[in-house]
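Below is a structure I'd like to ask you about.
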Amino acid sequence: MEVEVIKGLKFQKKQDVAIVGAGMTSFKRRLNETGRELNYYAVRQALEEAGLTIDDVEIVVLGSAPDAFDGVHMKEEYLSDGAGGFDRPYMRYFVGGGTAVFAPIAGYFHVASGLADVCLVVCEEKMSSCHPHPQSAFKYIWDFFLDRPLKPNLIWIFALEMRRYMHVNNVKHEDIALVSVKNKANALDHPCSHVAEKITVEDVLNSEPMALPVRRLDVSPPSDGAAALVMVAAHKARHLTDEPVWVTGVGWSLDTTWWTNRDLYYPRYAAESAKMAYKMAHITDPRKQIDVVEPYDPFDYKELHHLEGLGFAKKGEAPILTKEGVTQRDGDLPVCPSGGLLGVGNPISAAMGVKACEIYWQLSYRAGKRQVAKEVSTGLCQAWGDLMQISTVMIMSNKR
Amino acid sequence: MAVGKRKIECPLYAEGTAVSEEDIKTRKVTHYEDHPDIRYSWTAGQAISRFLNGLKEGKILGVKCDGCKRIMVPPRMFCELCYKPIDGWVELKDTGTILTYSISYIDPDARPLPKPIVVALIQIDGASQNMAIMHLIGEIEPEKVYVGMRVKAVWKPENEREGSVTDIKYWKPLEG
C-alpha cells in the first residue's frame with residue numbers, strides 16, 4: 001500500500017545550518033581505548049578542524065547502538081564526558097545502524113530550530129567488548145516468539161533480502177561482488193581503515209560461506225571507533241570559514257517491523273526517506289543534481305539496493321552502473337569514495353565517519369587521496385538500520 | 001582559524017590502538033571480564049498466544065482486516081495500516097511458497113554449524129500476498145531449493161508440541 005509519508009510536513013527553519021569540522025578515530029576490530037577515550041579523540045579532531053574549543057559548544061548529540069555491545073546500561077551517561085556532554089544539553093539518539101546519519105539529523109534540528117548555534121554530534125561504538133563475537137548480542141534483536149526459537153543468526157535477514165533482490169531483478173552474485181572489490185580498494189586511501197585490501201570478484205565468490213548467498217567478503221566487519229561533526233548556524237559559519245558545507249535536506253522513514261510481510265527486493269523505506277530529503281533540498285533528479293553519494297554499505301548488495309531506493313538507478317539497474325565504472329571514484333557518480341563500511345569498517349553508529357563526515361570532507365575538498373575526480377557541489381549520505389527497515393538521509397551542498 | 005584551507009587532508013590523524021583477542025587471552029591488555037547471567041520470561045500477549053496455541057493444535061492462524069482487506073500472518077490484534085482492531089481470525093493452510101531462502105553455515109553466535117541448514121520466507125497459502133513467516137526447510141538438498149518452490153509443513157507429533165514455532169519441525173517440498 002502506497003503511503004505518502006511526507007504529507008503535511010513543513011520544512012521551515014529558523015536558520016541555515018553548516019558543517020565546519022569533522023573527526024574520526026581508526027576503525028579496528030578491537031581498540032584498547034575505552035568509548036570515552038575514542039569520543040575524546042574524534043571530538044578533538046572535529047574541533048581542531050572547525051577552529052573551536054569545547055567551550056564554544058552549546059549542545060551535544062550522542063549516537064550509539066545497543067547497550068548490549070558495551071555491556072553498560074544507559075551508555076550515553078557513561079560516554080558523556082568524552083563527548084563533551086556535561087554542563088550543557090546532551091541527548092542520545094539511536095536508530096540502530098541508521099544512527100550514523102540520524103545523529104547528524106538530530107544535530108541539524110537543534111541548530112535549524114534556533115535552539116543552539118553550535119552543536120557537536122558524536123557517534124561511538126565499541127563492539128569488541130562483547131566477545132568472542134558481537135554476533136551474540138545481535139541475537140536479541142530477533143522477535144522472542146517467531147524468530148528466536150529457530151536459532152537465527154542476524155546475517156539470515158540480509159541473506160534472505162539479498163536472494164530476493166537477486167531473484168526479482170535477475171542480478172548475479174559476481175555483479176554484486178564488484179561493490180566489495182571497489183569499496184575495499186577505495187579504503188586503501190583511508191588512514192582509518194580496518195579491512196582495506198585489493199581483492200577480486202573471485203576472492204569474494206570463493207570466500208567462506210556464512211549464510212548463502214552471503215559470503216565473508218560480502219560483509220563489513222564489526223569494528224570499534226568514534227566520529228564527530230561540528231554543526232553551526234549560518235552567522236557562526238561566516239566567522240569560521242569561507243567554505244562551509246550546508247545541510248540542505250534531511251529525511252527519514254521507517255517501514256513495518258513485520259519484516260516477513262514486506263517484499264524485500266526493494267527498500268521502500270529508503271525511497272520514502274529520500275523523498276522527504278529531496279523535497280526539502282529541492283532535488284527533482286538526484287542522478288543529475290547529486291555529485292557524490294555515501295549510501296550505507298554494510299553488505300555489498302546493500303549499496304546497490306540503496307542506490308535504487310534513493311533514485312540513482314531504476315530497480316535492478318544499480319549493478320549496471322557499478323559494472324560500467326560510473327560509481328568509481330573517478331566516475332560520473334562516485335559511490336562510497338571513503339571505502340565505506342565494507343572497506344573502512346562498520347562500527348554501527350560511528351559509521352558517521354565514512355558517511356556524513358566523508359560527504360562533508362568531499363564537498364569541502366579535504367578528502368585528500370580519497371577526493372573524487374569530478375567537481376562536486378552536492379552530496380548525499382544515507383544510513384540504514386533497526387530491524388532493516390529505517391533509512392536516514394542527509395543532503396549537503398557547498399553552495400548555499 | 002584553522003579552517004578554509006584546501007591543503008588539509010581529513011581525517012587529520014588516525015588515532016586508536018588496535019589489540020587482538022590473543023592479547024586479551026594472554027592478559028597482555030589490562031581488562032576486566034564479567035558474564036552477566038540475567039534471565040527473562042516474555043509473555044506472548046493476545047495475538048501471538050493464540051497463534052502459538054493454534055500451532056499446538058496443528059493449525060496456522062491468521063487475522064483479517066476489513067479495511068485493507070488483508071489476511072495477515074503472523075497475526076496481530078490491530079491492523080497497523082488501518083490502525084483499528086482486526087475483524088476476525090482465519091485458519092490458513094499449512095502449505096506455502098518460498099519467497100526467498102538462505103543456506104546458513106553459522107549458528108546465532110557465528111560459530112560453524114555441523115552441517116548447513118536452509119532458512120526461508122514462506123508465503124502461507126490463504127494469506128495475502130507477501131504474508132510470509134520465517135522457517136526452516138528440510139528433506140531436500142540445500143542446493144535444490146529455489147524461489148517459488150511449493151512447500152508443506154512437517155509437524156511434530158501432537159504429544160511433543162508445546163505452543164512454539166518449532167511445533168513445525170520444518171517445511172518440506174510439496175510434491176505434484
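Could you tell me how far the Cα centroid of the stretch A:194-270 sits from the Cα centroid of the stretch B:64-94, in Å?
Cα centres, the stretch B:64-94 to the stretch A:194-270: 35 Å.
Need the list of lysines near B:Lys69 for cross-linking: C-alpha distance under 27 angstrom, and skip anything on the same chain fewer than eight residues off.
Leaving aside lysines fewer than 8 places away in the same chain, those within reach of B:Lys69 are A:Lys7, B:Lys59, B:Lys84, B:Lys93, B:Lys152.
Same structure, new question: Within 10 Å of each Cβ in peptide A:209-215, how many partner chain Cβ atoms are there on average? Round it to a whole number, please.
Mean shielding by partner chains, rounded to a whole number: 6.
So for A:Asp203, B:Asp109, what's the accessible-area order with a 1.4 Å probe, most first?
Listed by decreasing accessible area, they come as A:Asp203, B:Asp109.
For the stretch A:306-387, run through the GluC sites (Glu not before Pro) and keep only the ones in DSSP coil with at most 12 other Cβ atoms within 10 Å of their Cβ.
Those that pass, being in a loop and sparsely packed, are A:Glu324, A:Glu375.
Which residues of the stretch B:139-159 bury at least 30 Å² of accessible area once all protein chains are present, versus their chain alone (1.4 Å probe)?
The answer is B:Val147.
Compute the relative contact order of the stretch B:52-124 as a whole-number percentage, counting only Cα pairs closer than 8 Å that sit 6 or more residues apart in sequence.
Once divided by the residue count of the stretch B:52-124, the mean separation gives 26 percent.
On the accessible surface of chain B, probed at 1.4 Å, how many percent belong to carbon and sulfur atoms?
50
Moving to a separate point now. Would you give the gap between the C-alpha center of the stretch A:337-352 and the C-alpha center of the stretch B:138-172, rounded to a whole Å?
Value for the Cα centre distance between the two parts: 38 Å.
At most 16 other C-beta atoms within 10 Å and a DSSP loop state: those are the exposed trypsin sites (Lys or Arg not before Pro) I care about. Give me the longest piece of chain B that has none.
No qualifying site falls inside B:94-176, the longest such stretch.
Of the chymotrypsin sites (Phe, Trp or Tyr not before Pro) in the stretch B:15-63, which ones lie in a loop per DSSP and count no more than 15 other C-beta atoms within 10 Å?
Taking the stretch B:15-63 and a limit of 15 other Cβ atoms within 10 Å, the loop chymotrypsin sites (Phe, Trp or Tyr not before Pro) found are B:Tyr32, B:Tyr40, B:Trp42.
Run lengths n ≥ 4 of DSSP H only: what is the helix-derived mean residue ellipticity at 222 nm for chain A, with -39500 (n - 2.57) per run over all residues, to the nearest 500?
The per-residue figure over chain A is -9000 deg cm²/dmol.
Can you list the HN-Hα couplings for the stretch A:325-330, worked out from phi with the Karplus curve (6.51, -1.76, 1.60; θ = phi - 60°), rounded to whole Hz and with x for Gly and Pro?
Residue by residue, the stretch A:325-330 yields x, 4, 8, 5, 4, 9 Hz.
A further question follows. Can you give the % of DSSP beta bridges in the stretch B:105-176 that are antiparallel, to the nearest 5?
Here the share of antiparallel DSSP bridges comes out near 90 percent.
Shifting gears a bit: Give the accessible area for B:Asp94 in Å² (nearest 10); use a 1.4 Å probe, count only protein heavy atoms, and leave out ligands, DNA and RNA.
Accessible surface of B:Asp94 is approximately 40 Å².
Additional query: Percent relative contact order of chain B, based on C-alpha pairs within less than 8 angstrom and at least six residues apart?
The value is 18 percent.
Here's another thing I want to ask about it. Hey, with R₀ at 25 Å, roughly what FRET efficiency would A:Arg238 and A:Gln12 work out to, going by the Cβ-Cβ distance, to 0.05?
It comes out at approximately 0.70.
Mind listing P(r) for chain A? All alpha-carbon pairs, 10 Å bins, whole percents.
Going out from 0 Å in 10 Å bins, chain A shows 5, 26, 36, 25, 8, 0 percent.
What percentage of the solvent-accessible surface of chain A, computed with a 1.4 Å probe over protein heavy atoms, is contributed by carbon and sulfur atoms?
Answer for chain A: carbon and sulfur cover 52 percent of the accessible area.
Antiparallel versus total DSSP beta bridges in the stretch B:45-173: what percent is that, nearest 5?
If I count the DSSP bridges inside the stretch B:45-173, around 95 percent turn out antiparallel.
Per residue, what accessible area does the protein assembly as shown have, given a 1.4 Å probe and all protein chains present, in Å²?
41
Shifting gears a bit: Suppose a student asked you for the relative contact order of chain A, using Cα pairs under 8 Å spaced at least 6 residues apart; what percent would you report?
Computed over chain A, the figure is 25 percent.
Further question: Just going by the charge dipole of chain A, with Lys and Arg at +1 and Asp and Glu at -1 on Cβ, which of A:Met231, A:Gly353, A:Met166 is farthest out on the positive end?
A:Met166
Can I ask one more? Give the list, by residue number, of cysteines in chain B with no other Cys Cβ closer than 4.7 Å, or say none.
Taking the Cβ cut-off of 4.7 Å, the unpaired cysteines of chain B are B:Cys10, B:Cys68.
Now, a different point. Which residues, if any, in the stretch A:118-137 lose at least 30 square angstrom of accessible heavy-atom surface (probe 1.4 Å) when the other protein chains sit next to their chain rather than the chain being alone?
Buried-area filter returns A:His131.
I'd like the accessible area for A:Thr257: 1.4 Å probe, protein heavy atoms, all chains in place, Å² to the nearest 10.
In the full protein context, A:Thr257 sits at about 90 Å².
Chains A and B: how much accessible area gets covered up at their contact, both sides added, probe 1.4 Å, in Å² to the nearest hundred?
5800
Can you list the residues of the stretch B:16-31 whose accessible area drops by at least 50 Å² going from the chain on its own to the full set of protein chains, with a 1.4 Å probe?
At a threshold of 50 Å² (probe 1.4 Å), the residues of the stretch B:16-31 that become less exposed are B:Thr17, B:Val19, B:Glu21.
Something else about it: Please sort by residue number the trypsin sites (Lys or Arg not before Pro) in the stretch A:253-321 whose DSSP state is loop and whose Cβ has at most 13 other Cβ atoms within 10 Å.
Qualifying residues, ordered by number: A:Lys314, A:Lys315.
For the stretch A:75-125 and the stretch A:21-54, what is the separation of their C-alpha centers, rounded to whole Å?
Each part's Cα centre sits 14 Å from the other's.
Give, as a single signed number, the net charge of other residues whose beta carbon lies under 15 Å from the beta carbon of A:Asp189, with Lys and Arg counted +1 and Asp and Glu -1.
+2
The values are calculated or read from the model by the stated rules, or taken from the named source; none is laboratory data. If you're wondering where the values come from, they're calculated on a predicted model, not measured in any experiment. FYI the Cβ positions are ideal-geometry reconstructions off the backbone, even for glycines, and counts take in every protein chain you see. For the accessible areas, the whole protein counts, side chains as well, though only heavy atoms, and no ligand, DNA or RNA atoms are used. Shrake-Rupley method; radii C 1.70, N 1.55, O 1.52, S 1.80 Å.
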